[in-house]
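Notes for the one structure printed next.
Derivation of every value follows stated rules applied to the coordinates shown; laboratory data play no part. Being a predicted model, the structure only gives us computed values, none of them experimental. Positions of Cβ are generated from backbone atoms using ideal geometry, with glycine treated the same way; all protein chains shown enter the neighbour counts.
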Amino acid sequence: KKIALFLTEGQVYAIDEICPHRGAPMHEGECEGLFVTCPWHNASFDLQTGKHQCPPAKSDLAVYPVRVVGETVEIDVG
C-alpha cells in the first residue's frame, strides 16, 4: 500500500498516495492548511476526512490514523 504523509498545522496526516481520478501521486500535490490538491488535475481533498472538495475527482481518498512516537511515525493501515 502506498501512503502519502503530510505535516501541516503541527499534525501529521496519512492518505492514499494515488488520486482516485487519474492515479496522480498525491505526495507531489500542494498542501495548504488541511487540504491537498492533486498535482495533475487540481482536485482537492480534505486531509482529515479524505473527502474530495471539487471536480474532477468523484470519490474520496482513504485516510489512516497516525501516531507520532518520538521521531517515528506510526500509521494504522489495519
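Under 10 Å from the Cβ of ILE15, count the other residues' Cβ atoms, weight Lys and Arg +1, Asp and Glu -1, and hand me the total. Numbers along the way, then the final one.
Details: positive: none; negative: ASP16, GLU17, ASP46, ASP60.
Around ILE15, the surrounding residues sum to -4.
Kindly rank 59-65, 12-18 from highest to lowest mean number of other beta carbons found within 10 Å of each residue.
Numbers: 59-65: 15.6, 12-18: 18.7.
Result, highest mean first: 12-18, 59-65.
Which order do the peptides 41-48, 2-9 take when ranked by the mean count of other beta-carbon atoms within 10 Å per residue, highest first?
Numbers: 41-48: 18.4, 2-9: 14.4.
The peptides rank, most packed first, as 41-48, 2-9.
Please give me, ordered by residue number, the GluC sites (Glu not before Pro) of the range 21-78 that lie in loop per DSSP and have at most 11 other Cβ atoms within 10 Å.
Here the sparse-neighbourhood loop sites are GLU71.
List the pair-distance distribution P(r) of the chain, using every Cα-Cα distance, as the percent of pairs falling in each 5 Å bin from 0 up to the bin containing the longest distance, rounded to whole percents.
Values per bin, smallest distances first: 3, 18, 31, 25, 14, 6, 2, 0.
Filter the trypsin sites (Lys or Arg not before Pro) in the range 36-78 to those in DSSP coil with at most 11 other Cβ atoms within 10 Å of their Cβ, and list the result.
LYS58
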